[in-house]
Ligand code: ACO
């Protein structure tokens, strides 16, 4: 971790200098250790959006945004997507190594034993409006889990931490599918534990008690891959939210509810929903030109949703896999003439050649394609971000556990550059103007 390097900071106004150690990770850029900065200099760093700030040490996920590389515990996402499955990746993120055959079977058994919800939780759903956004429902229900599973709330007990991790991974598809069923006015489907994680989720979403659910293996595989590709992504907004909430000692269910809230925003997980809304708004390929001129206009706040990424300034490696899956799903379902999907493919081609996007290194991100796949398999637009939350729960809880187990971890408490009023006397109401 520590390197022999240091950097020197000098204050031009008085010539004072301070040395700060440089820490080296196993790969990726080195970091300047500024933990003593305030104590030594009386100054803070200023970094809105944390574009230059490492908030923690982590061994889970590595991203090289310039090269378009994403590794989980050292394994490349493209290789995992090709050769692994979501349960293995979940095990890997949580435990640091790929499971042996026996460990994998045990893990699947454990997860499938936790898929049901406390029956009282179903009454919770009935308190929501039928037209509530499913992200609002999921956020509420996941937060409420802490009111039901008191036996896994002690964050200082490693066994309880692991049980809550298993519970969250296992119950998220059930919670998400119930949110959908409630909005559709259909009966809740109980989980069926002999199905795969993805298959069970699809059946809970699309099955009805009156008929046997027939699984399409291409869609089951695509769903598994989508879950894998969204499982973790280093210290993004929602993961940092989970860590920050957890740094105060909050219970894991509350922390994951906070993560879901953060994911919901259109700049983050809400982008897959925003992509479809944008395509619907454009409506026809003849309107693409006008739309792109709005995107490029500095005075217009329109963005090309599903393009660009804070870290990837090259192709998002998940988007490469997702693009392939997208074409597989469209072919398997025999979808040839969906005007919205045609529009998406045309937008992709135009934007990839357009000087504005090329010069700013704005490539399609994972959400551009996941939205299209979800639409093709019949998932309603409002559920898109919920599916992302189901997948990301694995990463969130792995990152939360890593933080709790890190002896260096402290309550998260950023500082600020204050530019408001300095101290002034209170003005009585009759004297105010
Ligand atoms: N459309 C048009 N212009 C864009 C876009 C976009 N999608 N993204 C960035 N830009 C432009 C900005 O206007 C800015 O231009 P300027 O330098 O002339 O001012 C430049 O590219 C840099 O953009 P920033 O906003 O500074 O980049 P940042 O790293 O903060 O933003 C973000 C990343 C939020 C993802 C952004 O690219 C965006 O809004 N994309 C659309 C939403 C989206 O798809 N989000 C999903 C992210 S992936 C995920 O969460 C799984």
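The values are calculated or read from the model by the stated rules, or taken from the named source; none is laboratory data. These numbers come from a predicted model, not from an experiment. Counting neighbours? That spans all protein chains shown, and the Cβs are built from the backbone with ideal geometry, glycine included.
Laid out as a table, the results:
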{"quantity": "All positions within the stretch 343-366 that are in a helix (DSSP H, G or I), within 12 Å of the ligand (Cβ to nearest atom) and surrounded by fewer than 16 Cβ atoms within 10 Å (Cβ to Cβ)", "calculated": "356, 358, 359"}
{"quantity": "Residue in the stretch 391-408 that is touching a helix residue (DSSP H, G or I) at 6+ places or on another chain (Cβ under 6 Å), within 16 Å of the ligand (Cβ to nearest atom) and more than 29 Å from residue 96 (Cβ to Cβ) present", "calculated": "no"}
{"quantity": "Conditions (1) without any contact (Cβ under 8 Å) to a residue 60 or more places away in the chain; (2) more than 27 Å from residue 390 (Cα to Cα); (3) within 15 Å of the ligand (Cβ to nearest atom); number of the one not met by residue 288", "calculated": "(1)"}
{"quantity": "Complete set of residues in the stretch 197-211 that are free of Cβ contacts under 8 Å to residues at least 40 places away in the same chain and more than 17 Å from residue 374 (Cβ to Cβ)", "calculated": "207, 208, 209, 210, 211"}
{"quantity": "Total residues in the stretch 111-147, condition surrounded by fewer than 16 Cβ atoms within 10 Å (Cβ to Cβ) and outside any helix (DSSP H, G or I)", "calculated": "9"}
{"quantity": "Identity of the residue in the stretch 230-245, closer than 28 Å to residue 76 by Cα and more than 15 Å from the ligand (Cβ to nearest atom), that ends up surrounded by the fewest Cβ atoms within 10 Å (Cβ to Cβ)", "calculated": "244"}
{"quantity": "Residue list for the stretch 148-173, restricted to those being crowded, with 23+ Cβ neighbours inside 10 Å and within 14 Å of residue 124 (Cα to Cα)", "calculated": "none"}
{"quantity": "Residue check, residue 388 within 13 Å of the ligand (Cβ to nearest atom), assigned to a helix (DSSP H, G or I) and either at pLDDT below 90 or surrounded by fewer than 19 Cβ atoms within 10 Å (Cβ to Cβ) (or both)", "calculated": "no"}
{"quantity": "Pair list, Cβ under 7 Å, 6 or more apart: the stretch 297-309 residue touching a residue at least 40 places away in the same chain (Cβ under 8 Å), other residue within 6 Å of the ligand (Cβ to nearest atom) and part of a loop (DSSP other than H, G, I, E, B)", "calculated": "306/365; 307/362; 307/365; 308/362; 308/365; 309/365"}
{"quantity": "Strands (runs of 3 or more DSSP E) completely within the stretch 1-73 that count 3 or more residues being farther than 30 Å from residue 319 by Cα and at pLDDT 95 or above", "calculated": "2-10, 17-23"}
{"quantity": "Any chance residue 372 is surrounded by fewer than 23 Cβ atoms within 10 Å (Cβ to Cβ) and under 15 Å from residue 327 (Cα atoms)", "calculated": "no"}
{"quantity": "Of the criteria (1) modelled with pLDDT of 95 or more; (2) within 16 Å of the ligand (Cβ to nearest atom); (3) touching a helix residue (DSSP H, G or I) at 6+ places or on another chain (Cβ under 6 Å); (4) within 27 Å of residue 52 (Cβ to Cβ), which one residue 227 fails", "calculated": "(4)"}
{"quantity": "Candidates 35, 5, 83, 73 - the one that is surrounded by 17 or more Cβ atoms within 10 Å (Cβ to Cβ) and either over 19 Å from residue 235 (Cα atoms) or free of Cβ contacts under 8 Å to residues at least 60 places away in the same chain (or both)", "calculated": "73"}
{"quantity": "Residues satisfying the stated conditions in the stretch 316-351, i.e. within 11 Å of residue 366 (Cα to Cα) and touching a strand residue (DSSP E or B) at 6+ places or on another chain (Cβ under 8 Å)", "calculated": "316, 317, 318, 319, 323"}
{"quantity": "Per-region count, the stretch 324-334, residues away from the ligand (no atom under 16 Å from the Cβ), within 21 Å of residue 83 (Cα to Cα) and crowded, with 17+ Cβ neighbours inside 10 Å", "calculated": "1"}
{"quantity": "Answer from 65, 28 - the residue that is touching a strand residue (DSSP E or B) at 6+ places or on another chain (Cβ under 9 Å) and closer than 18 Å to residue 311 by Cβ", "calculated": "28"}
{"quantity": "Members of the stretch 38-53 found to be touching a residue at least 60 places away in the same chain (Cβ under 8 Å) and either touching a strand residue (DSSP E or B) at 6+ places or on another chain (Cβ under 9 Å) or more than 20 Å from residue 310 (Cα to Cα) (or both), listed by number", "calculated": "38, 44"}
{"quantity": "Residue identified as over 24 Å from residue 382 (Cβ atoms), surrounded by 12 or more Cβ atoms within 10 Å (Cβ to Cβ) and more than 10 Å from the ligand (Cβ to nearest atom) among 299, 277, 251", "calculated": "251"}
{"quantity": "Criterion violated by residue 209 - all others in (1) part of a helix (DSSP H, G or I); (2) modelled with pLDDT of 95 or more; (3) surrounded by fewer than 24 Cβ atoms within 10 Å (Cβ to Cβ) satisfied", "calculated": "(1)"}
{"quantity": "Residue in the stretch 303-323 that is nearest to the ligand (Cβ to nearest atom), counting only those that are surrounded by fewer than 21 Cβ atoms within 10 Å (Cβ to Cβ) and closer than 22 Å to residue 339 by Cα", "calculated": "303"}
